[in-house]
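Here's the structure we're looking at; comments come further down.
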Amino acid sequence: MSERLTPGDTAPDFTLPDADGNQISLADRRGRKVIVYFYPAALTPGCTKQACDFTDNLDLLAGAGYDVIGVSPDQPEKLAKFRDKESLKVTLVADPDKKVLEAYGAFGEKKLYGKTVTGVIRSTVVVDEQGKVERALYNVKATGHVAKIIKDLGI
């Protein structure tokens, strides 16, 4: 099981392909705050709800200085389908080898319908302008999570 991050940790840097195959790097966002959220699979009900919530609140978050990056183990082609089908405006990146998911503590054992399984742990990490972890939230709910982040961040 990968180690969970805590506030004050340096956020692991990453460069991953987005839905169009462009390389997206956390280091390129230095000077801005970044909300990095990890979700199990594109085109599933909970993940769709969460991605739509982030998209619906993107202007508010961007206005407060936050970029949003969604990370899943899906391939870029599936992310493109997800983005286009749901009219998503958040940046979605592919981590099929799960190295970034593991580095952020967002992959490991979790409970699913009462059974213990290994998979993506729905998580959100808020990274400050210097690349440090401001908040690390694990086992979050797909629904209502974005509203909670906005409230917690005082936006």
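Where a number appears in this text, it was derived from the coordinates with a stated rule and is not lab data. Predicted model only: the values in this text are computed from it and were never measured. Heads up, the Cβs are rebuilt from the backbone with ideal geometry, glycines too, and the neighbour counts pull from every protein chain shown.
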Tally up the residues in the stretch 2-52 that are at positive phi and in contact with an Asp or Glu (Cβ under 6 Å, 6 or more places away or on another chain), please.
1
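Of all residues in the stretch 25-55, count the ones that are more than 21 Å from LEU153 (Cβ to Cβ) and either without any contact (Cβ under 8 Å) to a residue 24 or more places away in the chain or surrounded by fewer than 19 Cβ atoms within 10 Å (Cβ to Cβ) (or both).
Keep residues of the stretch 25-55 that are more than 21 Å from LEU153 (Cβ to Cβ), which gives 25, 27-28, 40-48.
If we keep only those that are either without any contact (Cβ under 8 Å) to a residue 24 or more places away in the chain or surrounded by fewer than 19 Cβ atoms within 10 Å (Cβ to Cβ) (or both) as well, we get 25, 27-28, 41, 43-46, 48.
Summing the residues that are more than 21 Å from LEU153 (Cβ to Cβ) and either without any contact (Cβ under 8 Å) to a residue 24 or more places away in the chain or surrounded by fewer than 19 Cβ atoms within 10 Å (Cβ to Cβ) (or both) in the stretch 25-55 gives 9.
Condition check ((1) in contact with a Phe, Trp or Tyr (Cβ under 9 Å, 6 or more places away or on another chain); (2) closer than 20 Å to PHE54 by Cβ; (3) of a type in the set (Gly, Ala, Ser)) across all residues:
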position	(1), (2), (3)
PHE82	no, yes, no
LEU92	yes, yes, no
VAL100	yes, yes, no
TYR104	yes, yes, no
LEU112	no, no, no
VAL127	no, yes, no
ARG135	no, yes, no
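Results for (1) touching an Asp or Glu at 6+ places or on another chain (Cβ under 6 Å); (2) surrounded by 13 or more Cβ atoms within 10 Å (Cβ to Cβ); (3) among the hydroxyl-bearing types (Ser, Thr, Tyr); (4) touching a residue at least 12 places away in the same chain (Cβ under 8 Å), shown as yes or no for each residue.
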| position | (1), (2), (3), (4) |
| --- | --- |
| GLY119 | no, yes, no, yes |
| SER123 | no, yes, yes, yes |
| VAL126 | yes, yes, no, yes |
| ARG135 | no, yes, no, yes |
| ALA147 | no, no, no, yes |
Which of the residues that make up the stretch 129-151 are farther than 17 Å from GLY63 by Cβ and of a type in the set (Asp, Glu)?
GLU134
Only one of GLY31, GLY8, GLY46, GLY21 that is among the small types (Gly, Ala, Ser) and assigned to a helix (DSSP H, G or I)
GLY46
